[in-house]
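**Student:** One structure coming up, written as structure tokens, with questions to follow.
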Amino acid sequence: MYSTEEFLERYKELETWAVGVYGKDGVKGIEDSHHNKQIKIDASYFRHVRNIFAHNPNGIDKPLILLTDEFKTKFEAFCSSLTDSVSQFYVSYKDIYKREMSDKVMQTIKVMRDRTFTHVPIMNGKKVWGVFSDTTIFNLVGSGDTSMIQDDVHFYNISKYVAEYSDKGIYDFARGNVSADAVRRMFSDAFDEGRKLEVIFFTTTGDKNGDLIGLVTIWDLTSA
């Protein structure tokens, strides 16, 4: 059984986090402004349960409702889905398929095809110089530029197609210690802006000037 004390203490931690992210309304702010409808519903439910205990004149010794193990599991999962670091979900640096400007384009395309990769960061040391994606291939073909189909073509030969930073906003940067919820909201905000944000890179500085430490796509978070 989930004790009232445990629940209230955990809720207090959630409230503190929510105030830092959503402002003075705390959990109520999640309920009012979160993009995800289910999270809004859950925030309202847990906030009302908390209020029942907080305003119960009989105190915690005679609770008006009992908190079951199932309730605890759901509440802990709710808290974790918001507050856990995105590092638990992203692809870490060592596991990212990445290329240098001196690498060959056709070899990369073959790996992308075989492993169904859609975005490959092109690196300058440990910094993201640009992104080679299926969209890049379409742009090359659409422009009539067939240079990439030659076996000896390197990424520096098509550098004009691998922009240092995409003006179309298909990728963005963030610090690696942000919450999974913050990253979900980055994707949601981009969608609201009509921007097709496809991948977020996590760096030591939170921008393109920092060393790459991981990446995440919306599909990584959806399946988490």
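The values are calculated or read from the model by the stated rules, or taken from the named source; none is laboratory data. Everything numeric here is computed off the predicted structure, so don't read it as measured data. Positions of Cβ are backbone-derived with ideal geometry, glycine not excepted, and every protein chain shown enters the neighbour counts. Note: accessible area is taken over every heavy atom of the protein model, side chains too, but ligands, DNA and RNA are not part of it. Shrake-Rupley method; radii C 1.70, N 1.55, O 1.52, S 1.80 Å.
**Student:** Roll a 1.4 angstrom probe over the protein heavy atoms and tell me the percent of accessible area of the chain that is carbon or sulfur. Walk me through the intermediate numbers first.
**Tutor:** Details: 6380 of 12430 Å².
The nonpolar share, carbon plus sulfur, comes to 51 percent.
**Student:** Right, next: Report P(r) for region 66-224: all Cα-Cα distances, bin width 5 Å, range 0 to the bin holding the largest distance, values in whole percent.
**Tutor:** 2, 8, 17, 19, 18, 13, 9, 6, 3, 2, 2, 1, 0, 0
**Student:** Okay, moving on. Hey, could you get me the Stokes-Einstein D for region 1-121, Kirkwood radius over alpha-carbon pairs, 10 °C and 1.306 mPa s, rounded to whole µm² s⁻¹? Don't jump to the answer; show the numbers that get you there.
**Tutor:** Details: Rh = 17.7 Å.
My calculation gives 90 µm²/s for D.
**Student:** Which of the peptides 77-85, 129-137 is most tightly packed, and how do the rest follow, judged by the mean count of other Cβ atoms within 10 Å per residue?
**Tutor:** Numbers: 77-85: 16.1, 129-137: 19.8.
Final packing ranking: 129-137, 77-85.
**Student:** Specify the residue with the greatest mean-square fluctuation among 45, 11, 171, computed from a Gaussian network of the chain linking alpha-carbon atoms under 10 Å apart.
**Tutor:** Top of the fluctuation ranking is 45.
**Student:** Give me the accessible area per residue for region 1-86, probe 1.4 Å, as a whole number in Å². Write down the numbers at each step before the final one.
**Tutor:** Details: 4990 Å² over 86 residues.
The answer is 58 Å² per residue.
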